[in-house]
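One structure below.
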Amino acid sequence: MTSTAVVNQKGGVGKTELTTNIGGALAELGRRVLLVDLDPSGYLTDGLKVTPSDGFSLAEALTSSRRARVEPVRHSTTEQGGVLDVLPNTAAMLTVARELDKLRGREQRLTRVLAPLAGDYDDVLIDCPPTLDVVTDNALAWAERVLIPVQAEDTTLKALQLLLAQIAAVDEFLRDERLVLHGMVVSMLRRPASVYARSVLDDLAKLAAQADLPILGTVPLSVVVSEARRHGRTVVDYAPNSHHATVYRALAKTFPEIR
Ligand SMILES: Nc1ncnc2c1ncn2[C@@H]1O[C@H](COP(=O)(O)OP(=O)(O)OP(=O)(O)O)[C@@H](O)[C@H]1O
Ligand SMILES: [Mg+2]
């Protein structure tokens, strides 16, 4: 099984769309995919129009002393035999970070929640909130790799430095094996790219080489992403012949275990 945290504490850089649409592309390859919505804003849950089941919620599971299974919700299945499931988010998630701070094992709570589910899936992707808090630490403590969406803007470089420092701290204190820096995806790039964007991308390429964090691809800005979301579908399913479907499929193919 592969496990990936889609992370960047900078808000609105395309984490949720990337998680959703790579998930769709992996399911199209016949993989059994679980998307975990760890962001209290619940944008991934809303985008895929899934309704949390009545049972134990993710927020309760993270803060409860009781071990109870959280049931993912099925979004769709694919002709190739893949499935796309979601561990949805509820409003209760808003207070989880504050509550976790008071609890024992606070960074390992997600690990405990996902352990009984991992056997059911080939790929688990976590959509992280735009914060470097204990909730994000839970994702970084559990996943084997990180995928980092970035925008071609100057603030990106500073944000990346902070994020890489946080990853180093998590490696040091919360993990046995270091997180794999799977790579960055340049998201929401306006086409044609401006001179400004191109110069930021040059700087990003330098940082990518230094930090051993490859740039895996580019997702242009396009209304097809918003349209798919509006219909509660992933891009590969909603617009299978679009350029964006090709982009997300190529990104899915960078995942381990996939040929
Ligand atoms: N390639 C794209 N083309 C057009 N719109 C996009 C694209 N990628 C993302 N968006 C839109 O931009 C907004 C921000 O994207 P998204 O929610 O994925 O970012 P995020 O990093 O998850 O944000 P947050 O930090 O708030 O969780 C959303 O409205 C989303 O639908
Ligand atoms: Mg998001």
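The values are calculated or read from the model by the stated rules, or taken from the named source; none is laboratory data. Just so it is clear, the model here is predicted, and its values are computed rather than measured. Backbone-built Cβ (ideal geometry, glycine too); neighbour counts: all protein chains shown.
Here is a check on your reading of the model: is L125 under 16 Å from the mean Cα position of the chain (by Cα), away from ligand 1 (no atom under 16 Å from the Cβ) and aliphatic (A, V, I, L, M)? Against the criterion (under 16 Å from the mean Cα position of the chain (by Cα), away from ligand 1 (no atom under 16 Å from the Cβ) and aliphatic (A, V, I, L, M)), L125 does not qualify.
Reported count of residues in segment 128-166, each being outside any helix (DSSP H, G or I) and either under 16 Å from the mean Cα position of the chain (by Cα) or of a type in the set (A, V, I, L, M, F, W, C) (or both), is 16.
For the condition surrounded by fewer than 24 Cβ atoms within 10 Å (Cβ to Cβ), under 27 Å from R178 (Cα atoms) and of a type in the set (D, E), what is the one hit in D101, D54? Please lay out each step first, then the result.
Working: D54 fails: under 27 Å from R178 (Cα atoms).
Being surrounded by fewer than 24 Cβ atoms within 10 Å (Cβ to Cβ), under 27 Å from R178 (Cα atoms) and of a type in the set (D, E) holds for just one of D101, D54, which is D101.
Number of residues in segment 167-196 that are part of a helix (DSSP H, G or I) and surrounded by fewer than 17 Cβ atoms within 10 Å (Cβ to Cβ) equals 8.
Does L94 satisfy being touching a Pro at 6+ places or on another chain (Cβ under 9 Å) and at pLDDT below 95? First the steps, then the outcome.
On the way: touching a Pro at 6+ places or on another chain (Cβ under 9 Å): yes; at pLDDT below 95: yes.
Judged against the criteria, L94 is a match.
Could you grab me the full set of residues in segment 234-246 that are outside any helix (DSSP H, G or I) and in contact (Cβ under 8 Å) with a residue 24 or more places away in the chain? Once the filter is applied, which keeps residues that are outside any helix (DSSP H, G or I) and in contact (Cβ under 8 Å) with a residue 24 or more places away in the chain, segment 234-246 yields only T234.
In segment 41-70, the residues that are polar (S, T, N, Q) reach residues that are surrounded by fewer than 19 Cβ atoms within 10 Å (Cβ to Cβ) and assigned to a helix (DSSP H, G or I) with C-beta atoms within less than 7 angstrom, at least six apart or across chains, in these pairs: S57/A92; T63/E99.
Collect the residues in segment 234-259 that are more than 24 Å from M1 (Cα to Cα), crowded, with 17+ Cβ neighbours inside 10 Å and of a type outside the set (A, V, I, L, M), keeping them in residue-number order. Outline the logic, then answer.
Quick first cut of segment 234-259, residues more than 24 Å from M1 (Cα to Cα) only: 238-244.
This time we only want the ones that are crowded, with 17+ Cβ neighbours inside 10 Å, so: 238-239, 242, 244.
Within segment 234-259, Y238, S242, H244 meet the criteria.
Out of E79, E71, one residue alone is touching a Ser or Thr at 6+ places or on another chain (Cβ under 7 Å), part of a loop (DSSP other than H, G, I, E, B) and away from ligand 2 (no atom under 16 Å from the Cβ). It is E71.
Inside segment 62-82, residues that are surrounded by fewer than 21 Cβ atoms within 10 Å (Cβ to Cβ) and hydrophobic (A, V, I, L, M, F, W, C) make up a count of 2. The residue pairs whose first member lies in segment 152-176 and is free of Cβ contacts under 8 Å to residues at least 24 places away in the same chain, whose second member is among the hydrophobic types (A, V, I, L, M, F, W, C) and surrounded by 14 or more Cβ atoms within 10 Å (Cβ to Cβ), and whose beta carbons are closer than 7 Å, counting only pairs six or more residues apart or on different chains, are D171/L179. Residues of segment 1-30 being closer than 22 Å to L117 by Cα, in a loop (DSSP other than H, G, I, E, B) and in contact with a helix residue (DSSP H, G or I) (Cβ under 8 Å, 6 or more places away or on another chain), which ones? Residues satisfying the conditions are M1, V7, L29. Checking each residue in segment 2-35 for being at positive phi and away from ligand 2 (no atom under 12 Å from the Cβ) picks out only G30.
Kindly check whether there is at least one residue in segment 36-46 that is surrounded by 15 or more Cβ atoms within 10 Å (Cβ to Cβ), away from ligand 2 (no atom under 16 Å from the Cβ), assigned to a strand (DSSP E or B) and not charged (D, E, K, R). Write out each step before concluding.
Narrowing segment 36-46 to residues surrounded by 15 or more Cβ atoms within 10 Å (Cβ to Cβ): 36-46.
Narrowing the set further to residues that are away from ligand 2 (no atom under 16 Å from the Cβ) leaves none.
The answer is no, given that none of the residues of segment 36-46 is surrounded by 15 or more Cβ atoms within 10 Å (Cβ to Cβ), away from ligand 2 (no atom under 16 Å from the Cβ), assigned to a strand (DSSP E or B) and not charged (D, E, K, R).
Among S76, S65, which is the only one that is out of contact with any strand residue (DSSP E or B) (no Cβ under 9 Å at 6 or more places or on another chain) and hydroxyl-bearing (S, T, Y)? Only one candidate passes the filter, namely S65.
Summed over segment 40-57, the residues that are at pLDDT below 95, under 19 Å from A97 (Cα atoms) and touching a helix residue (DSSP H, G or I) at 6+ places or on another chain (Cβ under 8 Å) give a count of 3.
Taking the criterion of being in a helix (DSSP H, G or I) and buried (at least 16 other Cβ atoms within 10 Å of the Cβ), the residues of segment 204-223 that qualify are L204, L207, A208.
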